[in-house]
1. Taking the condition assigned to a helix (DSSP H, G or I), within 14 Å of chain C (Cβ to nearest Cβ), of a type outside the set (Gly, Ala, Ser) and surrounded by 18 or more Cβ atoms within 10 Å (Cβ to Cβ), does A:Gln174 pass?
2. Select from region C:226-264 the residues that are in contact with a Leu (Cβ under 6 Å, 6 or more places away or on another chain) and not in a loop (DSSP other than H, G, I, E, B) and write down the one among them that is nearest to C:Ser51 (Cα to Cα).
3. Taking the stated definitions as given, is A:Ser122 part of a helix (DSSP H, G or I) and free of Cβ contacts under 8 Å to residues at least 24 places away in the same chain?
4. Mind listing whichever residues of region A:162-171 are polar (S, T, N, Q) and either assigned to a helix (DSSP H, G or I) or facing chain B (nearest Cβ under 10 Å) (or both)?
5. Just the residues that are among the hydroxyl-bearing types (Ser, Thr, Tyr) and surrounded by fewer than 16 Cβ atoms within 10 Å (Cβ to Cβ), please, taken from region B:95-133.
6. Test of understanding: among C:Met103, C:Met117, which residue is surrounded by 20 or more Cβ atoms within 10 Å (Cβ to Cβ) and within 30 Å of C:Lys23 (Cα to Cα)?
7. Take the residues in region B:154-213 that are within 25 Å of B:Leu84 (Cα to Cα) and β-branched (Val, Ile, Thr); name whichever of them is surrounded by the fewest Cβ atoms within 10 Å (Cβ to Cβ).
8. Of all residues in region C:47-86, count the ones that are out of contact with any Cys (no Cβ under 9 Å at 6 or more places or on another chain) and either on the phi > 0 side of the Ramachandran plot or charged (D, E, K, R) (or both).
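The values are calculated or read from the model by the stated rules, or taken from the named source; none is laboratory data. These figures come from a predicted structure and were not determined experimentally. As a convention, Cβ positions derive from the backbone with ideal geometry for all residues, glycine included, and neighbour counts pool all protein chains shown.
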Amino acid sequence: MDFDLMWQITPLLLEAAWITVTISVLAFILGLVVAITLVIMRSSAFRIIRWPARIYISVIRGTPFFVQLLIFYYGGSAFGINLEAYTAGLLAIGLNGGAYMSEAIRGSLIAVDKGQNEASRSLGFSRMQTMISVILPQAAGLMIRSLGVLGVIIIKGSSLVSIISVVELTYQSQRIISSTYKPFEVFAVSAAFYLILIYGVISFVDWLYNRYTRYLSH
Amino acid sequence: MNFDFTPVWENIPTLLTGTGYTLLIALFAAIISLVGGLAVSLTTLYGKKIFSYPLRFFIWLFMGTPLLLQLYLLYFGLGQVGILIPALLTGILGLGIHYMAYNADIFRATILSIEKGQTEAARSLGFGRMQTLWFFIVPQAIFRALPQLGNNMIIMLKDTSVLSVIGVTELVLNAQFEIANTFRPFEFYISVAVIYYFLNLILETSLNLFEKKLEGRR
Amino acid sequence: MDVESEVGKNTSANLMLDIINVKKAFGDLEVLKGIDLQVTRGQIVSIIGSSGSGKSTLLRSINHLETIDDGEIWLDGMRVNQPDMKGLEFERHINSVRQNMGMVFQQFNLFPHLSTMDNVRLAPMKLKGMEKREATQYCMELLAKVGLEDKAETFPANLSGGQKQRVAIARALAMKPKVMLFDEATSALDPELVDEVNLVMKQLASEHMTMLIVTHEMNFASEVSDHVLFMDQGVVCEEGPPNQLFSNPKEERTRSFLKKHLQQN
């Protein structure tokens, strides 16, 4: 093991890791916006609003993210649009993540017992009041967990934007391996960054979940 | 807007060949990941510490890093130690090992969820440790893990697309050959997405039917 | 058809609930085949019958948790079901109607993320705009009435079934409803916890609350009710005062139902 090399490449990979972090965070936020929109669309009374949402989710979940990314970046030429790599990557991850997040949010809302809705409505609360005061607080715990899992998936998915030459962690790793022919050393440092990010997020989500459930029942 | 799908129609054979390879890769990777996953999980739970600790590290490491990075490690690493194997094999191995970690994690969780009550029942009947494991715990764990394992296989089928990066012949790579000749990335990638969508649909439906059938037999 | 003219038609000073020819089907299954029922102010009505008789569906239709296919439901001169109203207009209408009715569920349905006090206090504060101080004092009185003032800060997870149901009753009462609907309120309780809930219900009855009680408990029904309805397969098979229906049922189906039930008890 060439520890010297590992030492040398760390700053370079640290910079790249930062790009991974920023693109993941921005994509997560975009994903949330998309997800909330989709959830609202799916609960519409009008089929013409529900269906596009369902189709979108079905298509995104039924096709590989990698292919979606390639369509975003290379496919724009058919429309005369040329997206910059970072933007294309961000959009692709966010739109993909949003579909999965919407299912996670829906799942947690559905998981709340039906009787809760009935009791609240029987008292005379409106749908909105019921959602805000009764359903959401109970669904939030589950949501925190599912969204956390998806956040981790986004971090791993961000590695694919290296293919369209976004200078993030995996891209930089591949470049260094190609020039130094030391795959194990590079993998070790790279993996370390990913592990810190991913298990960092997992620990944070667990902590958040515990805090939240404790807050709910004092 | 500038569409022309004729190059796609003209090159359907290439796409079909690619699809064939995709399915082949997925099949072998699935077998490796399922059998290997079970073996790894059993070793981590019941094997000697000298084996179980490294394997637990393996699971943790491979669940906490992106597939692409692992593929680079395998691809460049094998070359480094002088082992030369065709890209196809590298791809199958890389995908198989990646999902082996995930499946092992699932098996661990399901085995642990069954253990106590069943073990007590079997042992009080007079079965030995190994027999209890083999005849009671493992079959039930496999049954209980099926939905999650099925889910993983669906995800894995889509992940075969990533193998194109290390030059493995499959659907995406073949499409890219043709794109290089015809300069129609959008049309080809959309067609690739459509093919994946249907493969995914078929796989999901088959798994659902399979699960329902098993439920019936209980 | 506006609500005002409908008010004139059906108000007699005493009529609290007027259920007219109510029909409901779930797909092909007819669950309510034309139910008529009139409940006067302060009257206690029990509804008995086997599962599938439609008694729960009838109760749930009164506060529109189930939508009826045909017929009319009136609460104190106000029409509950409004087939011609849609969307936001109907939502506003039904929310305000429901604020005049209280429902107690078999599964309690307390809000697990809120304390007992918050469970009871939420509706008066949010829907009637009560100030926190006033609401807290008012709800404390209610909790004392059901014997649970010392559990105000406890969470539902730490209450027994009987305690949960008593909180549920207090929660429904907090909105000062005109009628209380009980959907098998004690069916999910362990036998030794049933009495504490029955006691609260008896006290309510003595205070002249209008009550509609769907129950399996014949003894309780005969003690507390002014009027009993026996439902079978979607129709009211027989009805009358408890001392008549329980001891001298006119219909054969009533007789066989009572026989089966009293045997089990």
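1. Numbers: assigned to a helix (DSSP H, G or I): yes; within 14 Å of chain C (Cβ to nearest Cβ): no; of a type outside the set (Gly, Ala, Ser): yes; surrounded by 18 or more Cβ atoms within 10 Å (Cβ to Cβ): yes.
So A:Gln174 fails the test.
2. Once the filter is applied, the top-ranked residue is C:Val236.
3. Against the criterion (part of a helix (DSSP H, G or I) and free of Cβ contacts under 8 Å to residues at least 24 places away in the same chain), A:Ser122 qualifies.
4. Residues of region A:162-171 polar (S, T, N, Q): A:162, A:165, A:170.
Selection gives A:Ser162, A:Thr170.
5. First, the residues of region B:95-133 that are among the hydroxyl-bearing types (Ser, Thr, Tyr): B:99, B:102, B:110, B:113, B:119, B:124, B:132.
Matches in region B:95-133: B:Ser113, B:Ser124.
6. Numbers: C:Met117 fails: within 30 Å of C:Lys23 (Cα to Cα).
Criteria check complete, one pass: C:Met103.
7. The selected residue is B:Ile166.
8. Initial filter on region C:47-86 (out of contact with any Cys (no Cβ under 9 Å at 6 or more places or on another chain)): C:47-48, C:50-52, C:54-86.
This time we only want the ones that are either on the phi > 0 side of the Ramachandran plot or charged (D, E, K, R) (or both), so: C:52, C:54-55, C:60, C:64, C:66, C:69-72, C:76-77, C:79, C:84, C:86.
The qualifying residues number 15.
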